[in-house]
1. Looking only at A:LEU172, A:LEU29, A:LEU232, which one moves most when chain A is put into a Gaussian network model with springs between Cα atoms under 10 Å?
2. For every helix of n ≥ 4 consecutive DSSP H residues, a contribution of -39,500 (n - 2.57) applies; sum these over chain A, divide by its total residues, and give [θ] at 222 nm rounded to the nearest 500 deg cm²/dmol.
3. Within a 10 angstrom radius of the beta carbon, how do A:PHE106, A:PHE202, A:PHE100 rank from fewest other beta carbons to most?
4. Where does each of B:SER260, A:SER145 land when they are ranked from fewest to most other beta-carbon atoms within 10 angstrom?
5. Could you name the aspartates and glutamates whose alpha carbon sits less than 17 Å from that of B:LYS18, not counting residues in the same chain fewer than 8 places away?
6. For region B:80-190, just the Cα set please: Rg and Dmax, both in angstrom.
7. Taking amide H atoms as placed 1.01 Å from N in the peptide plane, list the residues 5 or more away in sequence, or in a different chain, whose amide H sits under 5 Å from that of B:GLY80.
8. log₁₀ I(q)/I(0) of the protein assembly as shown at q = 0.08 Å⁻¹, via Debye over equal Cα point scatterers, no solvent, to two decimals?
Amino acid sequence: MRNLYIIFKREFASYLHSPIIYVFLIFFLLLNGVFTFKIAGFYERAQADLNPFFMWHPWLYLFLIPAVSMRIWSEERKSGTIELLFTLPVGMFEAMAGKFLAAWLFTTIALCLTFPMVITVMYLGNPDLGVVIAGYIGSILLSGSYLAVGSFFSATTKNQVISFIVTFSTCLVMVLIGFEPFVKYFQDMHFPVWLLEQIAAFSFYTHFMSITKGILDFRDIFYFLSLITLSLYGGALVLENRKAV
Amino acid sequence: MHTEVNVQNLGKHYGPIKAVDGISFSVQKGEVLGFLGPNGAGKTTTMKMLTCFLTPSFGTANICGFDILEKSIDVRRIVGYIPESAPSYDDMNVKSFLEFIADIRGYDGSERKKRVTRVVEITNLSSVLSQDIETLSKGYRRRVSLAQALIHDPPVLILDEPTDGLDPNQKHEVRTLIKDIARDKVIILSTHILEEVDAVCSRAIIISSGKIVANESPTELRRRSRYAGSVEIAIRTEEARRVHDILQSIPQVQEVETLSNDAPLSHYLAIPAKGAKIDEDILKLAKERDWKIESFSIEKGRLDEVFRSITGGGLS
């Protein structure tokens, strides 16, 4: 556990050291603003909640999170530091989890920087703060899941572009299988409803939406946490078997 | 804990490619083992297996009592390693990078500070401590990598081409350093610079196509050379034209090369038959025929020639 913390610390410091990460922050905040106010019509709805803010996150994260996760392992592979790291007395899962947690802390901080959104909605009306907090928790879990999927794929390749594209595609599928218009399309094509529902139960989208409604169901949280653990474990296995490729 | 490395039938196959094909050797405390071989011979692969970065296809190795397959973390704890390209986290500065390594190696507080200060001193890094590693020259980056490998004062050091890309002064520094610390350690280093074997190694292993083809001291290796024991002689005499044939007539001399012939001074290289000693015969002969010897030297043998002949590159 000590090594996990040391790797986490180093990794997080390297985020703060990298100029690209500030570009990411600006993009993240800017896009959140544009989507919430311009596209979702935050003012026009005249409702004191943050739904128009959170509803975009599954889509926004599709582009932004793989941009963070792609470098987690691909860069270590490319620069050869993976050989340095794994010839030190460091366990595979410690390294995987340490790096993942650093990235997760970073995206969580980025998300917390959207606090003016909360102030705005509190100034304009009386939002249900429980729902707002649930929304944030949901969004943190969602970003964690994207990141875990991303670090899994990052562990498989030294090419950051491939890592980005594969993560993006996988997460897109994981969103779409629970996205109503998409599910509806397959229903119209006479796919059995029970099958579609079973598949939708594995979607990021379904679980995220259920949390943002303000219901912190154990099953949703369990879903996200187990998905994160599985992805990290899978990534550790990939590293164990193909460190040097 | 007995400091030694024991490699047993270690091998790595990638499909049909036999990168390392079952090699065995052992190294004792105090030895500096040079790992030689043409590019692609399996040097780096072997080192990666010994440091638990690559899993062997078969065989194993024991490092200070720890098996590389079963006690991987323990092996990594006691081995210091510089990978071939000397990678380090480029976005960190030298000090925080070394502190990170010390952290991982389990040192904190004043112990960590002491360890970092010590390796910085040994490797002469104090002037660049606060610089980002990516801004450093190749020589300094090598030194950072060396510092990293030494932080826990490891009983076993594995260095993959530690002087690659360094200028002659830096090479000399690194070699001096290796010799300084070698006394109570096992050091395995790979190189394809033959002079390095002479300079630092107490023993050399030559591998070719994944197999060990020689395992002996540099002196013994040299004796394999056809030039070993050959005599280079410069003679001033009136019968310069006949010297070649006279030398050739010595029974033990296999071949005489004329290096230069500006009568009355001429210059020859006499190569003995394998293992024979010809220097005294030649001296005796020179005395008999009243040749005036201007210079005389006995060759110890040429490592590069031995290297080429046993790794299959010696087509000439």
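Quick note: the coordinates plus some simple rules give every number you see, no bench work behind them. Computed from a predicted model, the values in this text were never measured in an experiment. So basically every Cβ, Gly included, is an ideal-geometry build from the backbone, and we count neighbours across all protein chains shown.
1. Largest GNM mean-square fluctuation: A:LEU29.
2. Details: 14 runs with 194 residues, N = 245.
Mean residue ellipticity at 222 nm (helix-derived): -25500 deg cm²/dmol.
3. A:PHE202, A:PHE106, A:PHE100
4. Numbers: B:SER260 9, A:SER145 25.
Least to most surrounded, the residues fall as B:SER260, A:SER145.
5. none
6. 12.9, 38
7. Result for B:GLY80 returns B:VAL156, B:LEU157, B:ILE158.
8. Relative scattering, expressed as log10 I(q)/I(0), comes to -0.69.
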